[in-house]
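The values are calculated or read from the model by the stated rules, or taken from the named source; none is laboratory data. Only a predicted model underlies this, so the values are computations on that prediction, with no experimental measurement involved. Here the Cβ is made from the backbone with ideal geometry for all residues, glycine too, and neighbour counts use every protein chain on show.
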Amino acid sequence: MAKKEAKKEKPPQKKNKKQNKRRFRVNKKLEGKTGTIFIGSEDPFLYFPDMMSYLEREEIEEVKLKARGRSISNAVNVSEQFKSRFKEIKTQVKEVNIGTENVPKKDKKGTFRMSFIEITLVSEKNKEES
């Protein structure tokens, strides 16, 4: 019996560096009846849970996906994949705005111009109620 008890007690294992990896956090905000999700260059699947939670809430009428620069194509992918994969949450693209805006430089001395896209998605259940 003493041998079995000794086997049960294992020394603490060292954590892999991969486990210490910083978890991604979606940048989002809620203004009135509109939820905004800022899209970066991460995998589109990381944005789906936040989009689902916004669209399922009754007080939120629309979700805006905002992206700048190289992330614009990712924002289009996120919206299209969400529409095709989650058919139980029927969504439509209400409008798409594109343009350029002044973005402050990292050294906080001046600004530079950067392209942006803003995709507004509306759930069909919210559209029917209006």
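List of remarks:
- Looking only at residues of segment 76-114 that are among the aliphatic types (A, V, I, L, M), part of a strand (DSSP E or B) and at pLDDT 90 or above, we find that the one that is farthest from Phe48 (Cα to Cα) is Met114.
- As a summary of the residue check, Arg57 satisfies the conditions (1) surrounded by fewer than 17 Cβ atoms within 10 Å (Cβ to Cβ); (2) in contact with a Ser or Thr (Cβ under 8 Å, 6 or more places away or on another chain); (3) modelled with pLDDT under 90 except for the one numbered (2).
- Residue within segment 59-75 that is assigned to a loop (DSSP other than H, G, I, E, B), over 16 Å from Val122 (Cβ atoms) and of a type outside the set (D, E, K, R) present: no
- The listed residues are Thr111, Thr120, and the only one of them that is among the polar types (S, T, N, Q) and under 18 Å from Lys28 (Cβ atoms) turns out to be Thr120.
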